[in-house]
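Bear in mind these aren't lab numbers, they're just calculated from the coordinates by the rules spelled out. As the structure is a computational prediction, the values presented were derived from the model and not from experiment. Note that each Cβ is placed from the backbone with ideal geometry, even for glycine, and that neighbours are counted across all protein chains shown.
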Amino acid sequence: MSILRVRNWLDPVLRKKGEPVDNIDENLARLVEDMYETMLQARGAGLAANQIGEAKSLFVVDIGIETGKRDLVTVINPVITAREDEEIAEEGCLSIPEIFAEVRRARRVELKGVDLKGNDVRYEAEGFLARAFQHEMEHLAGTLFWDNLSSVKRNILKRKFKKLQKEADE
Ligand SMILES: [Zn+2]
């Protein structure tokens, strides 16, 4: 297993849509193992394939994150099939490190997809996990959480990001 480089929002791969996966093979299983390791090392709750430079329709999520019991799952070719209610909560992204903002999202979602064995999976999630699913789905559509904000707010966050980057480089 190896730690992959998490791309930041300046990388054009973050704007690519995830290509549907039609072949679940050893290479894909290896990629997923690396994504798990990368996500855990970065202390993230989820990671979409394009965040590590692969524009494929899949993401990994720790569905046990709220309980403290690690439970890593992979969802291939995911689709959100139902959304209910809304709530606003703070959110961050491994591709926009150190930047957080409040985002309005559905409070409950149903997500369908396929697991690494090729079996159909279905999750009903609410709160934090529902938010994580919606966040990862946006990555697979080539968008980022701050695209939900006004351009004024987004520009403030972009400036903050660049300032932090500059400080880190000095
Ligand atoms: Zn993200």
Run the paramagnetic zone check for residue 107: 7 angstrom along Cα to Cβ, then residues of region 44-86 with backbone nitrogen under 18 Å.
82-86
Between residue 1 and residue 22, 0.36 nm times their residue separation minus their Cα-Cα distance comes to what?
5.2 nm
I want to verify a result. In a Gaussian network model of the chain, Cα cutoff 10 Å, which of these has the top mean-square fluctuation: 132, 82, 101?
82
Separation of the residue 67 and residue 143 label points, Cα + 7 Å toward Cβ, nm:
3.2 nm
Here, residue 154 and residue 100, labelled 7 Å along Cα→Cβ, have an inter-label distance in nm of 2.2 nm
Obtain the nm distance between the two label points defined at residue 8 and residue 33 by a simple spin-label model: each point lies 7 Å from its Cα along the Cα-to-C-beta direction.
3.1 nm
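Across every pair of different alpha-carbon atoms, what Kirkwood hydrodynamic radius in Å does region 94-170 reach?
Answer for region 94-170: a Kirkwood hydrodynamic radius of 14.5 Å.
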Charge dipole magnitude, Cβ of K and R +1, D and E -1 - the chain, Cα centre, debye nearest 20:
700 debye
Nearest-0.05 FRET efficiency for residue 42 and residue 163, computed from C-beta distance (R0 22 Å)
0.55
Stokes-Einstein, Kirkwood over Cα pairs, the chain, 4 °C, 1.567 mPa s; D in µm²/s equals 79 µm²/s
